[in-house]
Every structure is written in C-alpha cells, then in structure tokens.
Amino acid sequence: MPGPVAHGAAASLPGGTGTAYDVVVPAGGAARRLGGVDKPGLSVGGRSLLDRVLDACPDAVTAVVVGPPRPTVRPVVQAREDPPGGGPLAALEAGLRHTTAPVVLVLSADLPFLTGATVRALLAGAAGADGALLRDAEGKDQPLVAAYRAEPLRHALDAVRAERGTLAGLPLRALLTRLSLRRVPDPTATASFDCDTWEDIEAARARIREHGTVLDEWITAAKAELGIELDVDTAALLDLARDAAHGVARPAAPLTTFLVGYAAAQQGRDVSALADKVAALANRWAAEAAENADATPEAAPEAKPKAKPAE
C-alpha cells in the first residue's frame, strides 16, 4: 500500500476540491472502560481499529498518530502529547506540529465504520469556515470526527493555552467555542459509532458479518493484507464462480483465491506465502467470532446509535 506523500508535495482532497489535507489521529487514551487495553489495536474484521480509520483517508498528505507507538499497515508519523495521556487538546497540538497542509482531518482512533464518503463530506464542509464536524443522529457534535482549517485551529489552541496556561486535561469544548464550524449530519450514526466498551466491540464485529456487508468487509480486509488496490466486481465474480463450481455456497472462497492470485501476479510473489497471510487473516476472523459467541451466547448485540457529548 502506498505511503503518504512527502511534506509539501501536491495533493488533492477527495472529490477534486484541490486542497491538500493531513490527518491527525489522537490515540493516547487510557480506555478505562475496556480495562486499559490498547483500544486502537483491537481487531474488527481482522484489522485494527486504527488501520480502519487510516484507510478512510488514504490520500492524506501526512498521517500523524498521537500516542504510544503501535504498528500500522500504512506508514505514519508517530507523535506523543505532553504530558502523555494529556487529553485531546494536548494530542491535537502534538499532531499539528507534524502537519503542513491547509486542512487537518482529526479522527478518533476507534471508528470502525468511518468511510471515505464521510471524510469527503467533512473536507467539503470545511471550505469557507474554520472547519466542519460530524453531528450524530442524536444531534451531538463529534469534534474528533472533523476537518479543521489548520491556521484557525492553531490560533484557537494558542488562545486556549494563553488563557488557561496549559492544554493538558482540558475538554474539547474549550477549543470549539473559538471556531466557526459547520455541521455534517450522520443520520444513521454509522460513521460516528465509536468503540468505548466491550459491548461496542462485540457489536462492531457482529455488524461487519451481516449479510449485506460481510463480503465487502472481507474483500477490503484481504486487499489490505495483500497490499493491493483493485476494484472488485463482486456480483460478476460470484456469478462466474457459481457457474464454474455448479453453485458453490461459500462465496468468500473464490473471491479470496482471486485476490491472492492477482497479488501474486502483480507483485511477483509466491502464492503459498500470500495464501498463508490471508489464512492468518481468516483465522483472526474466526477467533473474533468465537469471542463474540462466548460473550453473547444468545444473540450478538446490534451497533446502535449512541449519544456521546463533546469532551
């Protein structure tokens, strides 16, 4: 997978708006409701929450992850807030030091269903304002799912620091009142769904396995694992597979073998090595299903809209 463009290189926003953007992902929270585990590293659909967020903005000029170092599929700049665990404003300041683009996308590290469409809507909304943030189905602003113009954001952070003497431990509302922001609706609460509890993780893992989404989720995960970019016509491939195999009932199998073969041909790599990588991915999916079965023996929970006030 291609890495971020070097600082200062030309880049365009999705949708052809012609403005470059960076992304800052605050990922240094304590995850107390998850028992202190490394939440951004938790797996949903065989991919970490952090990787899922980064995948939603592949054309960011620079991607900055603020928090303890952790592996990512995409190359990123690692940064640390001062003090470590100092909260969202301290994380924003630390991340901004590594950005140069005129617009900065700020994304929480625990958004399993964030999509490129939401990213494009936020970036478009930031034009002509200090920024744009997502508003969930309950009418709550989500300042960690937002696009900000870099200069107003820096000025606002400087003003908060001058007034309070520090950014550590301060809530996001101390910053938002100093900015003129547009709201982008999220009527289904899909993009704004975040994972604060184990129930949220279980719900996210169950949701990706729903009939209407499981194949797209699997194909996306397999492409990321194989390091390939390819538009897959799922319906055509499944029709072909059914014809060739006389009605095979396991549609993920032909799609997966196709992706492995494509990657082997494109990269000149050994098929067995690539197959081992995707087999390991499949095993992670199976392990998640087993965890969910143990946690919810009667029925998996649904990913329901949640109202979460700005910090």
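The values are calculated or read from the model by the stated rules, or taken from the named source; none is laboratory data. All values derive from a computational prediction rather than experimental measurement. Cβ coordinates were reconstructed from backbone atoms using ideal geometry, including for glycine residues, and neighbour counts include every protein chain displayed. For accessibility, only protein heavy atoms count, side chains too; no ligands or nucleic acids. Shrake-Rupley method; radii C 1.70, N 1.55, O 1.52, S 1.80 Å.
Summary of values
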quantity: Matching option when the condition is more than 30 Å from R97 (Cβ to Cβ), of a type outside the set (S, T, N, Q) and open to solvent by less than 10 Å² (accessible area, probe 1.4 Å), among A147, A204; calculated: A204
quantity: Residue within region 219-228 that is more than 21 Å from L92 (Cα to Cα), open to solvent by less than 10 Å² (accessible area, probe 1.4 Å) and small (G, A, S) present; calculated: yes
quantity: Residues of region 88-111 satisfying the condition of being within 22 Å of Q78 (Cβ to Cβ) and part of a loop (DSSP other than H, G, I, E, B); calculated: R97, H98, T99, T100, A101, S108, A109, D110, L111
quantity: Residue match in region 230-238 (condition: open to solvent by less than 60 Å² (accessible area, probe 1.4 Å), at pLDDT below 80 and either closer than 16 Å to R284 by Cα or not in a helix (DSSP H, G or I) (or both)); calculated: yes
quantity: Any hit, region 25-42, residues being modelled with pLDDT of 95 or more and either surrounded by fewer than 19 Cβ atoms within 10 Å (Cβ to Cβ) or among the β-branched types (V, I, T) (or both); calculated: yes
quantity: Lone qualifier among A156, A168, A191 - being assigned to a loop (DSSP other than H, G, I, E, B), surrounded by 19 or more Cβ atoms within 10 Å (Cβ to Cβ) and not β-branched (V, I, T); calculated: A191
quantity: Meets criteria (basic (K, R), in contact with a strand residue (DSSP E or B) (Cβ under 9 Å, 6 or more places away or on another chain) and at pLDDT 80 or above) for R209; calculated: no
